[in-house]
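Heads up, the thing below is written out as structure tokens.
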Amino acid sequence: MKLQVALDVATLEDALTLARQTADHVDILELGTPLIKAEGLDAIKAIKAAHPDKLVFADMKTADAGELEADLAFAAGADLVTVMGAADDDTVRGAVAAGRKHGKDVVADMITVVADRVTRIREVSKMGVSFVEIHAGLDEQAKPGYTIQTLLDDGKQAGVPFSIAGGIKAESIASVQDSGATVAVAGGAIYSAKDPAAAAKNLKSLIR
């Protein structure tokens with residue numbers, strides 16, 4: 001299982017600092033949506049230039065014009081780009097087409113609430129995305145009763161390649177791996193830590 005750090009900061013300077021602190025201990029550097037909105041595609045170029053040996057994940061959360069937006073991110077240096085799993089089927093297929101053109105990967109982000117998440121995960125998987133990110137955002141995580149187990153259960157039931165993002169911590173990363181996830185996405189557990197490098201190193205050490 002790969003470890004992905006979410007660079008959920010608002011400035012490129014902070015993102016470069018966090019990437020530098022954690023790169024030795026993670027496999028994927030994710031540019032969070034707020035960072036891309038604040039700094040634009042230049043942020044993708046800068047992170048890739050600073051860490052050419054790492055997979056760079058552009059969390060575009062594309063909801064329309066899938067091929068165009070994915071093409072822009074891939075051209076800027078992204079290795080993986082997200083499209084919203086709840087978007088129109090043609091949006092997902094367009095992003096996948098851009099991925100194939102560049103020889104790179106598209107990830108369907110399931111952060112949006114849908115009537116039947118497991119069914120939609122299976123549907124978008126058939127459209128050619130490399131894997132599906134089963135994702136609980138910060139607002140969902142803040143709700144009373146939230147548990148990451150719901151994400152893990154959906155991943156197991158869907159039976160397709162998936163990643164998990166939704167408050168992963170040292171205490172839960174083993175369960176994420178046991179669920180069959182191919183990628184564990186850690187955000188606050190790393191960027192909010194007093195020592196982000198140590199936090200990333202510890203999470204990596206817990207992956208068997």
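Sorted fewest first by neighbouring Cβ atoms within 10 angstrom, Glu13, Glu133, Glu67 come out as Glu13, Glu67, Glu133.
Starting from 0.36 nm per residue, how many nanometres of slack lie between Ala49 and Lys2 once their C-alpha separation is accounted for?
My answer for the length gained is 14.8 nm.
Put a dot 7 Å past the Cα of Ala197, heading toward its Cβ, do the same for Asp42, and the two dots end up 2.8 nm apart. Counting only lysines at least 8 places from Lys201 when in the same chain, those with an alpha carbon closer than 17 Å to its own are Lys2, Lys54, Lys169. Taking chymotrypsin sites (Phe, Trp or Tyr not before Pro) across the stretch 123-208, the ones in a DSSP loop with at most 16 further Cβ atoms lying within 10 angstrom of their Cβ are Tyr146. Here's the list of aspartates and glutamates a cross-link from Lys104 could span, going by alpha-carbon distance under 12 Å and ignoring same-chain residues fewer than 8 apart: Asp71, Asp79.
Calculated from DSSP H runs of 4 or more alone, at -39500 (n - 2.57) each and per residue, what is the 222 nm mean residue ellipticity of the chain, nearest 500? Display every interim value, and only then the final one.
Details: 11 runs with 96 residues, N = 208.
Only helices count here, giving -13000 deg cm²/dmol.
Note on Lys61: lysines with a C-alpha under 16 Å away, same-chain residues under 8 apart excluded, are Lys37. The per residue volume of the convex hull around the alpha-carbon atoms of the chain is 109 Å³.
Report the relative contact order of the chain, percent, no decimals, based on alpha-carbon pairs under 8 angstrom and at least 6 residues apart.
Working: 436 pairs, mean separation 39.7, N = 208.
Result for the chain is 19 percent.
The slack in the chain from Leu206 to Asp89, taken as 0.36 nm per residue of separation less the alpha-carbon distance, amounts to 38.4 nm.
Read-outs throughout are calculated quantities, based only on the coordinates presented, and are distinct from any laboratory measurement. Since we're looking at a predicted model, the values are computed, not measured. When we count neighbours, we look across all protein chains shown, and the Cβ atoms used for this are built from the backbone with ideal geometry, even at glycine.
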